[in-house]
Amino acid sequence: MVTGAAQGIGFTCARMLAAEGGRIVLSDIQQTQGEAAAAQLTGEGGQAVFIRADVGSETDCAHLIAETVRIYGRLDGLLNNAGWYPRAFLEETTTELWDQIQNINLRGPFYCCKYAALHLRAAGGGSIVNVGSINGIEGLPNLVAYSAAKGGLLALTRTLAGALAPDRIRVNYLIPGWVLTEGELALHAKTGVSRESLEKAGKALALGRHQIPEDSGYAALYLLSDESTQVTGTILNVDAGASFLPIQPGAPYPG
């Protein structure tokens, strides 16, 4: 089951999982795009259904997990990918905005983990992958609420890794790096950052380019598969070294 799967990283991960024979539930708040995404995977020969859910709603998350099990009979893996990252400095962060960001980026994964754990346990174990961010470790000044949420998600990941280990349920934290999804490009366009500037910034990364959704997809495939049965509570960076290697001097790196 993949949240935030109507487009971007979530859709790409769902598509790659389906190509490997996974029976996929795509979930998103965007009904039309989500249904189209599931139809595309089905048209490509995969097994996929769409269930609309607002991950900030406990009722929606409980229904999502229950429907997943009703449709397929079991649950083996959960990819908590849904996220929202509006930029705001401390003084610009209202209580309403803070709550909205926490609901999607932290409460949503908590709810999904809470209701998924019972069924993963019944299946004899499984894997939960929480899509995090380097901002959950270091943070940016104009992403105060988002950074706090992703930091909380890392703590939740580590806590659940220990709590669920006796049930053979693995919980890991995937950092996608700087992926130029449709949403990311649109966000930068609104702030006047050109595509040329973004491409120049990508070339300044240690491995020479921005990340693409497929980079995260391969990492998710590994963490959700039996190939990672001894991996839990870990942080997997797929960020071209951005988390520990400096950006080349003078390169634009918009926050």
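The figures follow:
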item	result
Whole-angstrom gap from the stretch 1-63 to the stretch 102-169, using each part's C-alpha centre	19 Å
For L156, L97, order by how many other beta-carbon atoms lie within 10 Å, fewest first	L97, L156
In the stretch 1-71, the GluC sites (Glu not before Pro) that fall in loop regions by DSSP, at most 13 other Cβ within 10 Å	E20, E44
Where labels lie 7 Å past Cα in the beta-carbon direction, separation of Y72 and Q47 in nm	0.8 nm
Helix 31-43 vs. the chain, principal-axis angle (Cα, 0 to 90°, nearest 10)	70 degrees
Spherically averaged projected area in nm², based on the convex hull that wraps the Cα atoms of the stretch 1-123	7.6 nm²
Eligible aspartates and glutamates near K114 by straight Cα distance, threshold 16 Å, same-chain separation 8 or greater	D54, E58, D60, E67, D76, D167
Taking all pairs of distinct alpha-carbon atoms in the chain, Kirkwood radius in angstrom	18.5 Å
Computed lengthening from R195 to E35, 0.36 nm per intervening residue step minus Cα-Cα distance	54.6 nm
Stretch gain in nm, segment Q230-Y218, where the contour uses 0.36 nm per residue and the Cα spacing is subtracted	2.6 nm
The chain: relative contact order as a whole-number percent, Cα under 8 Å and 6+ apart	18 percent
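Rule-based calculations on the coordinates, nothing more; no lab input. From a predicted model like this one, the values you see are computed outputs, not experimental measurements. Methodologically, a virtual Cβ is constructed for each residue, glycine included, from the backbone with ideal geometry; neighbour enumeration extends over all protein chains shown.
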